[in-house]
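Before any comments, here is the structure.
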Amino acid sequence: MYTQALNTAETADRDLEDAGKAAQFQARIDAEERIEPNDWMPAAYRKTLTRQISQHAHSEIVGMLPEGNWITRAPTLRRKAALLAKVQDECGHGLYLYAAAETLGSSREELVDAMLAGKAKYSSIFNYPTLTWADIGTIGWLVDGAAIMNQIPLCRCSYGPYARAMIRVCKEESFHQRQGYEIMVTLCRGSEEQKAMAQDALNRWWWPVLMMFGPPDATSQHSDTSTKWKIKRFSNDELRQKFVDATVPQAQYLGLTIPDPGMTQDADGHWRHSEIDWTEFKQVLTGNGPCNRDRMAARRKAHEEGAWVREAAASYAAKRAQRQTAQAAE
Ligand SMILES: [Fe+2]
Ligand SMILES: [Fe+2]
């Protein structure tokens, strides 16, 4: 009886202490201070960020696949070199992001295994196929363009390692966006067939790209706490609107038509798109998109084939550590 009372008192003390820490934590966030890996943070903050950063890392890595598909078929040597560099950049983004996620306490193996087991998500946009060279232009222009809209505000995210990784990532994404747009400009100034290829790619990617910003605000589950914790600074619908407003004039410059006959411009100059077909989004999200199975199979194969590299690196690191300990003992 006495022990039980003591335990209850201890739990109450701990709850009180945690409530104090949580209030302090929120005050730091409100003051725009950065949270660093060794700082106290609520378990839910750690969990939300681990989920978001690792999903982001998986998206960078899976995102290499649709574009990697065109490296051997790029139309010129210059285009091939630029695409190769872009795909390598995406790999680098994945690596910074895994490193940022690891600072929250999960190992890279755990994070990668969750993706390979289908438990962790990656962006649904990479479950669409790249059928022609114009898809490479469109991905750079629209997919990297949408990624920039999402990621610029993340440079001010409350979690230090994520915010810092985003600064470099955004610089590279903006280069990708320009590179993609330049492919589109070239195609649209080319032959009738090339322009038609560009239009066809825009038709196929437009709606999936709008879905990249996530479900409408009214139905989004994660937004409230993420906003309070300054992980997210704009809502899904706000970011989507910014993207549409920035992209419509770019399509007009190319002489391409946005595949949305119901789109209108309101008195404030905003371009209002028609209703998005969320049933398609849900299909792709639940694994039934055109390339979900291919993407997962490609990642699993790459992971298995890379096992010897991981083993060699681990054994090298162990031997090196052994040597250093021996040297220190001498
Ligand atoms: Fe990237
Ligand atoms: Fe990119």
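Key figures
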quantity	calculated
Selected residue (only one of Glu60, Glu67, Glu17 is in contact with a His (Cβ under 7 Å, 6 or more places away or on another chain) and of a type outside the set (Phe, Trp, Tyr))	Glu60
Among (1) aromatic (Phe, Trp, Tyr); (2) touching a Phe, Trp or Tyr at 6+ places or on another chain (Cβ under 8 Å); (3) within 14 Å of ligand 2 (Cβ to nearest atom) - the single one Phe126 does not satisfy	(2)
Residue match in the stretch 221-232 (condition: more than 23 Å from Val284 (Cβ to Cβ) and among the hydrophobic types (A, V, I, L, M, F, W, C))	yes
Residue within the stretch 131-144 that is more than 16 Å from ligand 2 (Cβ to nearest atom), surrounded by fewer than 24 Cβ atoms within 10 Å (Cβ to Cβ) and not in a helix (DSSP H, G or I) present	yes
Search result, residues across the stretch 157-184 that are within 13 Å of ligand 2 (Cβ to nearest atom) and under 30 Å from Ile35 (Cβ atoms)	Met166, Arg168, Val169, Cys170, Lys171, Glu172, Glu173, Ser174, Phe175, His176, Gln177
All helices (runs of 4 or more DSSP H) inside the stretch 19-110 with 3 or more residues being within 16 Å of ligand 2 (Cβ to nearest atom), free of Cβ contacts under 8 Å to residues at least 24 places away in the same chain and among the aromatic types (Phe, Trp, Tyr)	none
Residues of the stretch 111-128 that turn out to be of a type outside the set (Val, Ile, Thr) and assigned to a helix (DSSP H, G or I), as a count	8
Odd one out for Ser315, checked against (1) surrounded by 10 or more Cβ atoms within 10 Å (Cβ to Cβ); (2) over 20 Å from the mean Cα position of the chain (by Cα); (3) hydroxyl-bearing (Ser, Thr, Tyr); (4) modelled with pLDDT under 95	(4)
Residue within the stretch 48-67 that is surrounded by fewer than 13 Cβ atoms within 10 Å (Cβ to Cβ), in the same structural domain as Gly105 (by the TED database), out of contact with any Asp or Glu (no Cβ under 7 Å at 6 or more places or on another chain) and modelled with pLDDT of 95 or more present	no
Residue that is in contact with a His (Cβ under 6 Å, 6 or more places away or on another chain) and of a type outside the set (Gly, Ala, Ser), where the choices are Tyr162, Tyr181, Tyr122	Tyr122
Arg156 within 16 Å of ligand 1 (Cβ to nearest atom) and of a type in the set (D, E, K, R)	no
Whichever residue in the stretch 157-184 is over 30 Å from Leu202 (Cβ atoms) and of a type in the set (Ser, Thr, Tyr) and, among such residues, is surrounded by the most Cβ atoms within 10 Å (Cβ to Cβ)	Tyr159
Criterion violated by Gly160 - all others in (1) out of contact with any Asp or Glu (no Cβ under 7 Å at 6 or more places or on another chain); (2) touching a residue at least 24 places away in the same chain (Cβ under 8 Å) satisfied	(1)
Subset of the stretch 295-318 [of a type outside the set (Gly, Ala, Ser) and within 18 Å of Glu60 (Cβ to Cβ)]	Arg295, Met296, Arg299, Arg300, His303
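Conditions tested, residue by residue: (1) surrounded by 18 or more Cβ atoms within 10 Å (Cβ to Cβ); (2) modelled with pLDDT under 95; (3) within 16 Å of ligand 2 (Cβ to nearest atom); (4) part of a helix (DSSP H, G or I).
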| position | (1), (2), (3), (4) |
| --- | --- |
| Cys155 | no, no, yes, yes |
| Thr186 | no, no, no, yes |
| Glu193 | no, no, no, yes |
| Asp200 | no, no, no, yes |
| Leu210 | yes, no, no, yes |
| Gln221 | no, yes, no, no |
| Phe234 | no, yes, no, no |
| Phe243 | yes, no, yes, yes |
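The values are calculated or read from the model by the stated rules, or taken from the named source; none is laboratory data. Just so it is clear, the structure is predicted and the values come from calculations on it, not from any experiment. Glycine also receives a Cβ, built like all others from the backbone with ideal geometry; neighbour counts cover every protein chain displayed.
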